[in-house]
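Quick notes on the structure that follows.
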Amino acid sequence: MKKAHALVGVVFGTAFFGAGISSAFAADETLRSLADKNNIYIGAILNSQWFGGGLPGEYEQIHKQQFNIVVAENEMKFDATEPQENRFNYNSGDKMVKYAKENGMRVRGHALAWHSQVPNWVNNYKNDKQKLLSVLKNHIKNVVGHWKGQVDEWDVVNEAISNNEPMWRSYSVWYQGIGPEFIDSAFVWTHEVDPDAELCYNDYNLEQGINPNAKAGFLLEQVKRWVKNGIPIHCVGSQTHVEDTTTDKHFIGSPDSLRSLAKELAKLNIKLKITELDIGFKSGINVSQSDLERQGQTFRQYLDIILEEPNADTYLIWGVSDKWSWLSGLNRQKGLIYDDNLKPKPAFDSIMVRLQTYEPPKDTAKTDSIAKDTTAKDTTAKDTTAKDTTAKDTTARDSTDAIRLLAMPSSLSMHIAGRTLSINGATSRIKVDVFDMQGRPIFSTENSSGIFDLSKIAEGLYIVQARSGSHKIVQRVNLK
């Protein structure tokens, strides 16, 4: 996005509070307070270093101030909780659950059945199906039972779909030893132990389309089968590890495609959650301020899904600070919303201003209306995966000359033609304020005609707020 330097009308001062949010917004608001207001969960992992006291106190202060949901980076996985057969270690998980309870946070459990981070002793039974089923059932019974009523949602099965073509991941010890029915069984057993917990299937690359050749398209067919067969699944977690490729498309993966997945899941009464979000750049390249601002816009576009889709409720980032990020192992960098010094980046500001300016449309406020399935029966029957028939994703992207509604309409309406902004429905003088996507003031003016010239503002995405008397409308505008 190009920055606007030539301004018209009355220009605001450039004083900032906190993370750089303009004085036009409340200085004491946090991501957490705004998430609560919008009835969503926004969170970040607790990095593994936290569990051993290896992070500065400022890290924890930021975490509990800004987030209302938490998940452990590694400390609830199979190798951490059952390092030896039938010998369980809950110490680290208990520390996080205690922290969450003391700070009023929702808890995610990650993850019960996964092909990775499985202790070596499990592989001793890879040729014994009944024993391997018993191992998985015993693990779920003990781990879920230990935190029953304390962990609000579980990633029951993680990354079971191949990344190369739409099929099950064949090299998983669970798939090799049991077959795909281990997935059905894991959901049933978890539900039996804690019927009040939300149960998720979690995977990556789900933002790359819902056509039959994409991972999300294959997953949709499995969700349909699970729902039809009474398997107790309540949510799909999209990891959403996205990379900036510095091409015209900028990012591998599409918020539009993930929104399409959310809409398809809603038809099945299943929630979508963003569970492991980061947006990294290739290691070794120089990342400019404009790159970081573009990154912030993409963070916001994924947040739009959680705010606007009724069956989406969770926006969880896989880390707090770039200094303690797993992304270096993927040859990526700078993918989080705080920098190495725990200072907020433009991505933080983008998320903040989006939460501040969003108001749900009237009568469609987000509610926890996705019912949980409590009628599943235990089954380990042979998998009967149906042929993938999911239609190709045709969701249209935002038009470059349209305004997208961000707030509940009042008597005011907004329209833009070229660079001329029209405000209709006002009964008194109209004041217009324009902010960039980090919430910084760009332009302010007022008149009685309702016609405003924006020709001196540089092209890019902006938030436009119009007020007339007690009426207000806030919309996003793409000036081109």
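Compare LYS271, LYS126, LYS228 by solvent-accessible area with a 1.4 Å probe and give them largest first, with all protein chains kept in place. Walk me through the numbers before you get to the answer.
Numbers: LYS271 10, LYS126 95, LYS228 175 Å².
Correct descending sequence by accessible area is LYS228, LYS126, LYS271.
Over the stretch 248-330, the pair-distance histogram of Cα-Cα distances with 10 Å bins from zero comes to 16, 45, 29, 10, 1 percent, rounded to whole numbers. Between the stretch 316-333 and the stretch 32-86, the C-alpha centres lie 14 angstrom from each other. Using the 1.4 Å probe convention, the accessible area of the stretch 71-189 works out to 41 Å² per residue with neighbouring protein chains retained. For the stretch 238-327, the per residue solvent-accessible surface stands at 30 Å², with DNA, RNA and ligands left out and a 1.4 Å probe.
Rolling a 1.4 Å probe over the protein chains gives MET105 an accessible area of about 20 Å².
Based on C-alpha pairs under 8 angstrom that are at least 6 apart in sequence, the stretch 177-319 has a relative contact order of 23 percent.
Using protein chains only and a probe of 1.4 angstrom, how many square angstrom of PHE51 are accessible, to the nearest 10? Around 30 Å² of this residue is reachable by solvent.
Local charge sum around ILE430 (other residues, Cβ-Cβ under 12 Å, Lys/Arg +1, Asp/Glu -1)? Could you put the intermediate results ahead of the total?
Working: positive: ARG429, LYS431, ARG467, LYS472; negative: ASP433, GLU446.
Around ILE430, the surrounding residues sum to +2.
Count the net charge of all other residues whose Cβ sits under 12 Å from the Cβ of GLN176, scoring Lys and Arg as +1 and Asp and Glu as -1.
Numbers: positive: LYS126, LYS129, ARG169; negative: ASP128.
Net local charge, GLN176 excluded: +2.
The alpha-carbon positions of the stretch 153-253 define a convex hull whose volume is 103 Å³ per residue.
Would you please state the base-10 log of I(q)/I(0) at q = 0.15, 0.23, 0.27, 0.29 1/Å for the stretch 138-178, with intensities from the Debye formula using one equal scatterer on every alpha carbon? One equal scatterer on each Cα of the stretch 138-178 leads to -0.52, -0.81, -0.91, -0.97. The stretch 406-480 and the stretch 217-234 have Cα centres separated by 44 Å.
Quick one: pull the percent of accessible area on the stretch 160-216 belonging to carbon and sulfur, 1.4 Å probe, ligands and nucleic acids left out.
Working: 750 of 1810 Å².
So the carbon and sulfur contribution to the accessible surface is 42 percent.
Counting only Cα atoms, the stretch 417-480 measures 30, 22, 15 Å along its principal axes, largest extent leading.
Its alpha carbons considered, the stretch 50-195 gives a radius of gyration followed by a Dmax of 16.2, 49 Å. On the stretch 433-480, 43 percent of the accessible area sits on carbon and sulfur atoms, based on a 1.4 Å probe. For THR275, the amide hydrogen comes within under 5 Å of the amide hydrogens of SER238, GLN239, LEU316, counting only partners 5 or more places away or on other chains and with H modelled in the peptide plane. For SER162, the shell of other residues with beta-carbons less than 11 Å away shows a net charge of -1, using +1 for Lys and Arg and -1 for Asp and Glu.
Of the lysine pairs in the stretch 113-154, how many meet both conditions: Cα atoms under 17 Å apart, and a spacing of 8 or more in sequence or different chains? Could the numbers behind the result be given before it?
Values: LYS126/LYS137; LYS129/LYS137; LYS131/LYS141; LYS137/LYS148.
Lysine pairs, 8 or more places apart or on different chains, close enough: 4.
Ranking HIS415, HIS146, HIS241 by solvent-accessible area of protein heavy atoms (1.4 Å probe, all protein chains present), from largest to smallest, gives HIS415, HIS146, HIS241.
Computed on protein heavy atoms with a 1.4 Å probe, the accessible areas place THR190, THR427 in the order THR427, THR190, largest first.
The values are calculated or read from the model by the stated rules, or taken from the named source; none is laboratory data. Keep in mind that this is a model prediction, so the values were computed, not measured. All Cβ positions, glycine included, derive from the backbone under ideal geometry; neighbour counts span all protein chains shown. The area values use the complete protein model at the heavy-atom level, side chains included, leaving out ligands, DNA and RNA. Shrake-Rupley method; radii C 1.70, N 1.55, O 1.52, S 1.80 Å.
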